[in-house]
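Notes for the one structure printed next.
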Amino acid sequence: MSIFSFLGLGAHAQVPELKTVPFVDVQRYAGKWYDVASFPQRFQKGCHCTTAEYTLTEKGYLIVENRCNRDAINGKQSYIKGKAFVQPNTGNAQLWVQFFFPFRAKYWIIDLAPDYSYAVVSHPSRKYLWILSRTPKIEESVYQGILTRLKQNGFDLTLLQRTPQNCQ
């Protein structure tokens, strides 16, 4: 089976090159985000109530603080802190995120609400995906619109899982 068949795109279709949004105001992007849905990664196993908080530093990079409750809504909190560096000449939409030196990962903002109420983050390989919201829940029509755009951009949505956010 070809990757195109797997993605439901047909034999002659091509997956479009992944593009980022044209511009991100890093100051507006900073703050707390809730993980609404993602392609779960090994480090997210058993996570509930997942959040990411971005703080802009005087040196121009972002402090990234990820938190989640392990194995239950009221489970033990897991925490990791890292840094995110904006890549020059990308409209601030492409970053490198680093939690463990010297390893860095690409962090591309591929969809962003005009009011910064939601963001979609991925990697050019499409192996990683996070749908983030400023609130624990996202309006269903907004979520479905995001899914439509992701499918049009060649994402395998069968991998997408909603993140439990019904925290106290």
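The values are calculated or read from the model by the stated rules, or taken from the named source; none is laboratory data. Source: prediction; values computed, not measured. All Cβ positions, glycine included, derive from the backbone under ideal geometry; neighbour counts span all protein chains shown.
Figures for the structure shown
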item: Filter result (basic (Lys, Arg), more than 23 Å from residue 134 (Cβ to Cβ) and out of contact with any Ser or Thr (no Cβ under 6 Å at 6 or more places or on another chain)) within region 39-86; result: 42, 45, 59, 76
item: Strands (runs of 3 or more DSSP E) lying entirely in region 51-168 (those with 1 or more residues that are within 16 Å of residue 41 (Cβ to Cβ) and at pLDDT below 95); result: 62-70, 77-86, 94-100, 103-112
item: Members of region 38-71 that are among the acidic types (Asp, Glu) and over 16 Å from residue 105 (Cα atoms); result: 53, 58, 71
item: Some residue of region 105-118 being touching a residue at least 12 places away in the same chain (Cβ under 8 Å), acidic (Asp, Glu) and surrounded by fewer than 17 Cβ atoms within 10 Å (Cβ to Cβ); result: no
item: Flag if residue 160 is without any contact (Cβ under 8 Å) to a residue 40 or more places away in the chain and surrounded by 15 or more Cβ atoms within 10 Å (Cβ to Cβ); result: no
item: Top-ranked residue in region 41-84 [being in contact (Cβ under 8 Å) with a residue 24 or more places away in the chain and among the small types (Gly, Ala, Ser); ranked as nearest to residue 165 (Cα to Cα)]; result: 72
item: Some residue of region 132-149 being buried (at least 16 other Cβ atoms within 10 Å of the Cβ) and more than 20 Å from residue 36 (Cβ to Cβ); result: no
item: Residues located in region 119-131, provided they are charged (D, E, K, R) and surrounded by 15 or more Cβ atoms within 10 Å (Cβ to Cβ); result: 126
